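One structure is given below, encoded as structure tokens.
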Amino acid sequence: MVKIRDIWQGLYPYGIFRTGKAVYLTFDDGPIPEVTPKVLAILARYNVKATFFMVGENIDKHPEVFEMVVKAGHSIGNHTYNHLKGWKYSFLEYMENVKKFPKQTKLFRPPYGKATLRQRRALHRMGYRLIYWDILTRDYDASVTPEHMLNLIKRETRPGSIINFHDSLKSNERMLEVLPKAIEWLQSNGYRLEVIGEK
């Protein structure tokens, strides 16, 4: 049976929605001092590594939080400098914003999952791996309960799944409630939790 996420994979050339045999926890929009250190503490408690798709402006504002993520052994991805929605910006504006990202990485996630075909093609040619997700927790949406998020993870996870969380103020309490429960369920069901590699 064909799933919607498999259709999206076909519609988004250059995009990666699942990869490998492990499961990958990812966090968008940080780093920020109010949330990211709490995420790091939970990950450390379970000895889990994750991939953080960061907003470049936040790295420049909070370099000490960025260093906490790096020192803990997590991987870093480019989420543009100003969290731009690709469809709303010209090709040149978008690409300049991507290039403004202050750290070296070959992982990229378009904010909102939205980038034009031309933007995605150019990013691919620059050597980026365009990482999307196959499980969007919607932790930023106040109408989505922690129970719903956890049930979604339990129902949809399979080998290679990329789970999308956010270390942002919008997601804070709901995400922090769900994250340890999700990790416990994933580990108890035999899933390996790994970072997304740059190759």
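If the chain between LYS71 and ARG121 were fully stretched, how many nm would it gain, using 0.36 nm times the residue separation less the Cα-Cα distance?
Extending this stretch completely gives an extra 14.8 nm.
Taking H as built 1.01 Å from N, whose amide H comes closer than 5 Å to the amide H of ARG192, not counting residues under 5 places away?
Residues meeting the criterion, in which the H sits 1.01 Å from N, are VAL23.
Longer than 20 Å from Cα to Cα, which of LYS38/LYS99; LYS61/LYS103; LYS71/LYS106; LYS85/LYS154 are they? Say none if no pair is.
On the way: LYS38/LYS99 29 Å; LYS61/LYS103 13 Å; LYS71/LYS106 18 Å; LYS85/LYS154 30 Å.
Violating the 20 Å Cα-Cα cut-off are LYS38/LYS99; LYS85/LYS154.
Once you have the alpha carbon radius of gyration of the chain, what is it after dividing by 2.2 N^0.38 Å, with N set to its residue count? Could the numbers behind the result be given before it?
Details: Rg = 15.8 Å, N = 199, 2.2 N^0.38 = 16.4 Å.
Ratio of Rg to 2.2 N^0.38 Å for the chain: 0.96.
Compute the length gained on full extension between ASN47 and GLU93: take 0.36 nm times their separation in residues and subtract their Cα-Cα distance, giving the result in nm to one decimal. It would help to have the intermediate numbers written out before the result.
Working: separation 46, 0.36 × 46 = 16.56 nm, distance 3.94 nm.
That works out to 12.6 nm of additional length.
Taking R0 as 35 Å, what's the FRET efficiency between LYS100 and LYS38 from their Cβ-Cβ distance, rounded to 0.05?
Approximately 0.80, to the nearest 0.05.
May I ask what percent, to the nearest 5, of DSSP beta bridges between residues of the chain are antiparallel?
The antiparallel proportion sits near 5 percent.
How much length is gained if the chain between ASP141 and LYS85 is pulled fully straight, taking 0.36 nm per residue apart and subtracting their Cα-Cα distance, in nm to one decimal?
18.4 nm
In what sequence do SER161, SER171 fall when counting other Cβ within 10 Å, fewest first?
SER161, SER171
Under the definition of Cα pairs under 8 Å and six or more residues apart, what whole-number percent is the relative contact order of the stretch 4-188?
Relative contact order, the stretch 4-188: 30 percent.
Readers should treat all values here as calculations from the given coordinates under stated rules, not as data from a laboratory. Bear in mind the structure is a predicted one, so any value in this text is a computation, not a measurement. Cβ atoms come from the backbone with ideal geometry, glycine included; neighbour counts cover every protein chain shown.
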